[in-house]
Amino acid sequence: MSNSITQSRSLFEQLYTHAPIGIAVASHVNGLWVQLNPAFCEMLGSTEEELLHTSVVHMIYEEDLRYEEFRRNFWEMTNGEQPMYETEVRLKRKNGTLLWATIRACIVRDEVSGEPLYLLVQAADITKQKEAEETLLNQRQQLEESSRISRILAESSMDLIAIHEADAERTFKYVSHASRKMLGYEPEEMIGRSGMFCIHQDDIPAVKAYIRRQMIGLTPERISYRLVHKDGSLVWADTLTHYVCDEWGNLQEMVAVTRDITESKQQQLNLQEYKSLFDCNPLGVASLDLDGNLLKANVGQEQLTGHSKEELLSRPFDHLIDPVDLEKTRYHFEESVKGVAQRYEIGLIHKDGQRIETSVINVPILLEDKVVGVYGITSDVTAAKRYVEEIENLSYERALILNGMSEGVIGLDLDGNVNFANPAAAEMMNICPSEMNGKPLEKMMIQMQSEGIPYPTNGTPILRAVREGRALPRTESVFWRQDGSSFLAEFQLKPIMDQGKTRGAVLVFRDMTSVKEIIRAKEAAEHADRAKSEFLAIMSHELRTPLNGIMGMAHLLMETELNEEQQGFAEIMIDSGESLLYILNEILDFSKIEAGKMDLEQGPVDIRDMLGSVIELFSIKASEKNIELYSEISDHIPERVCGDETRIRQILINLVGNAVKFTEKGSVTIVAEMDSSQAYGPDQLMLSFKVKDTGIGIAFDKQHQLFQSFSQLDPAINRKFGGTGLGLAISKKLVELMGGAIGVQSEIGQGAEFQFTIMLDKWREEEMVSEEGEVAVTVELPERNRLARGIRILIAEDQAVNSHLL
């Protein structure tokens, strides 16, 4: 019995080993291979060791793998619901090819307990059978549908197959489905249209000429030209045309097979680009075989070495290398032959004997994953080497500069670690410079977000920019030190580049805390000053209204019957009110100018009349002091100009009033001239005014205070002559509003000369002309005075005092 079992097992092993079909055993639990016979391994083109412990489904071609069906049948076999599972699928070979196989699978169970033990799989190669079946099927189809075989082939072809009518337009009679992919048109869209409609218009004459010559056998069978895709893009096409004629030689139709060669055209362009890159490259480029012989060299290589191509080619590179670098060069070349690109620096010996410092890149030339040669790209770095040496010689001077800078300078590597810091940076962070090197920047200086929240670890804008090789423009941010204190810093970041690669960055920053505090204090003061000016400008009406009531009532009081003492009291009230109104007007005008609420009027101004009125205003005061007051006006000043007469008069009154006030003897002169020293617009002119006096004069060190608001040069003099100190400040503001400037020249005891300029527009006369062309003149008839008698006037006033006064 034992002998019989042994013989049976031996027989099974022989059958298993030499069986012509594949037999394999897999785990019924996870579907991994446990054992495969030689036929199965040969079928898959792999060894048993390569297949063991891989999945059963791994060998099945993905398109044939019906995973849900396989899992359901496997489950049914495991539970005894189905004794066997059989199917036909394509299996994947190790080399990537496919074979058709019949797969039979069953669960082998324990004879006693019936529990599943393993999955037994049989596989038979039915590729030839499938091919035979497919051949028979094709033959049958050819017999059954011989008239349609051409169309079936056409529909399955990636080439565009078209049948054209024999008419002049070569109308499309049939178009295969390849038109969708190649041209974006459905076949139905092309059938019935001219065969030329999708050809690029520049190529249509060549295509027509080709058809004429090809029909009589004068040109090749193929032609390349451009087609226009439905979306407007261009498609390069290659067409082979067959002409179908009847028995008498008359053309019946044309069959054209068109292939998309856009990709090959692009490859040709790429090849041309590569050739340009090789031939026109200013660097030395050469191709070498595996022994180091130069096979090809460009002009750059000739210029770099001084050798001609004949002297370079078919020789090893040894004679070009400085002997001290020859061993290094050979090492890197051997590494390139192994398939590893190399970059290194060596010295070349020029034909004239000089050493040239070069940077060399070796790139393996691969063909079907095999190194067949090496590209050598060589660049002259002699100047760069010298530059580096000069930089190294300047390192000491650089250190002195960094140590003397008031801004903090920190060098960072790509990980954000500090590799150098100057003393200013260490002082701002309260850290010893020697303790900073090699440590992360975030451990010493934490950048805060605008909300006062620290950025996440390694997520600050500075570290992100360092890693990405970006620069950061000058900006501000709050930083926290190790001791918990904070400071506002202005900083900027610049990447450090070395041979085109980012090596790190330089951070330059300075503490802006104290500067910001000063700026905030200044802004607060300016805001308060603007608020004051705006308040006074708004309060103009409220301040003038009660004062007008007081002065109005005082004037009414003067018209009543008063005794001598009461009349004196009323005159004092009027004089005091006028003085107060003058002071108030100056304060309110200045506030209005500061608040930006002063608007200039534009109207006709007669400079001569205006100066005459100013002279007349101060003539009595000048006569009382026995001083001479007169004006000089240039003849070049027009009779009228366009400007704000009130404000010009106000400036002159301030200046002439001061001149009369501070002059005890001598004279006060007003001079008006045209300033033609500079060119202005065609409709503009610049007037220059001077007010000269022979008064007490102004000390040179006090003159800068003259045009400041509320400024008094000498309190004693001010008490004697009076004044608010605002007149000249207001004059300066008004002059600047008119596009001019104001200044003074004076010495103590020598009088003073104030001069100012203003920009005005030229006046243009405008007359109303009637339809008959006559100038319309308005005549004031005396009868209007008579008509006005008896008219009642309604006055609206919101103040009770003013209402009563009116």
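The values are calculated or read from the model by the stated rules, or taken from the named source; none is laboratory data. Predicted model only: the values in this text are computed from it and were never measured. No Cβ is skipped: glycine too gets one built from the backbone with ideal geometry, and neighbour counts run over all protein chains shown.
Summary of computed values
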read-out	value
Pair list, Cβ < 7 Å and 6+ apart or interchain, from the stretch 479-503 residues that are in contact (Cβ under 8 Å) with a residue 24 or more places away in the chain and farther than 13 Å from GLY408 by Cα to residues that are in a loop (DSSP other than H, G, I, E, B) and of a type in the set (D, E, K, R)	PRO495/ARG470
Yes/no for VAL418 being assigned to a strand (DSSP E or B) and of a type in the set (A, V, I, L, M, F, W, C)	yes
Selection count where residues are of a type in the set (A, V, I, L, M, F, W, C) and assigned to a helix (DSSP H, G or I), scope the stretch 335-390	4
Selection count, the stretch 618-645, where residues are in contact with a Gly (Cβ under 9 Å, 6 or more places away or on another chain) and surrounded by fewer than 16 Cβ atoms within 10 Å (Cβ to Cβ)	2
Test: residue in the stretch 305-319 that is in contact with a Pro (Cβ under 7 Å, 6 or more places away or on another chain), part of a loop (DSSP other than H, G, I, E, B) and not β-branched (Val, Ile, Thr)	no
In the stretch 664-704, the residues that are of a type in the set (Phe, Trp, Tyr) and either farther than 24 Å from ILE637 by Cα or not assigned by the TED database to the domain that holds ILE607 (or both)	PHE700
Qualifying residue in the stretch 228-236 (condition: within 14 Å of ALA256 (Cα to Cα) and out of contact with any Gly (no Cβ under 8 Å at 6 or more places or on another chain))	no
Members of the stretch 752-771 that are small (Gly, Ala, Ser) and at pLDDT 90 or above	ALA752
Of residues in the stretch 167-184 being closer than 19 Å to LEU234 by Cβ and in contact with a His (Cβ under 9 Å, 6 or more places away or on another chain), the one surrounded by the most Cβ atoms within 10 Å (Cβ to Cβ)	LEU183
Number of positions in the stretch 731-750 that are assigned to a loop (DSSP other than H, G, I, E, B) and either within 10 Å of PHE707 (Cα to Cα) or among the small types (Gly, Ala, Ser) (or both)	4
Of all residues making up the stretch 58-72, the number that are modelled with pLDDT of 70 or more and either charged (D, E, K, R) or over 18 Å from LEU99 (Cβ atoms) (or both)	6
One residue from ILE698, ILE670 being farther than 15 Å from PHE756 by Cα, crowded, with 19+ Cβ neighbours inside 10 Å, more than 58 Å from the chain's Cα centre (by Cα) and not polar (S, T, N, Q)	ILE698
Complete set of residues in the stretch 127-162 that are outside any helix (DSSP H, G or I) and either of a type in the set (Asp, Glu) or at pLDDT below 70 (or both)	GLU145, SER146, SER147, ARG148, ASP159
Candidates GLY292, GLY284 - the one that is within 20 Å of ASP380 (Cβ to Cβ), touching a helix residue (DSSP H, G or I) at 6+ places or on another chain (Cβ under 6 Å) and among the small types (Gly, Ala, Ser)	GLY284
The stretch 28-49, subset at pLDDT 85 or above and assigned to a loop (DSSP other than H, G, I, E, B), residue farthest from LEU98 (Cα to Cα)	ASN37
Filtered residue count, the stretch 455-493, keeping only those that are part of a loop (DSSP other than H, G, I, E, B) and either at pLDDT 85 or above or surrounded by 15 or more Cβ atoms within 10 Å (Cβ to Cβ) (or both)	6
Candidates LEU52, LEU15, filtered to the one that is modelled with pLDDT of 80 or more, aliphatic (A, V, I, L, M) and under 18 Å from LEU120 (Cα atoms)	LEU52
Qualifying residues in the stretch 201-223 (those that are free of Cβ contacts under 8 Å to residues at least 40 places away in the same chain and buried (at least 16 other Cβ atoms within 10 Å of the Cβ)) - the one farthest from the chain's Cα centre (by Cα)	GLN214
Hits in the stretch 224-275 (condition: of a type in the set (Asp, Glu), free of Cβ contacts under 8 Å to residues at least 60 places away in the same chain and either in contact with a Cys (Cβ under 8 Å, 6 or more places away or on another chain) or surrounded by 14 or more Cβ atoms within 10 Å (Cβ to Cβ) (or both))	ASP238
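Here's the yes/no breakdown for (1) among the β-branched types (Val, Ile, Thr); (2) assigned to a helix (DSSP H, G or I):
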position: GLY192; (1), (2): no, no
position: GLN214; (1), (2): no, yes
position: GLU253; (1), (2): no, no
position: LYS275; (1), (2): no, yes
position: PHE278; (1), (2): no, yes
position: VAL285; (1), (2): yes, no
position: GLN303; (1), (2): no, yes
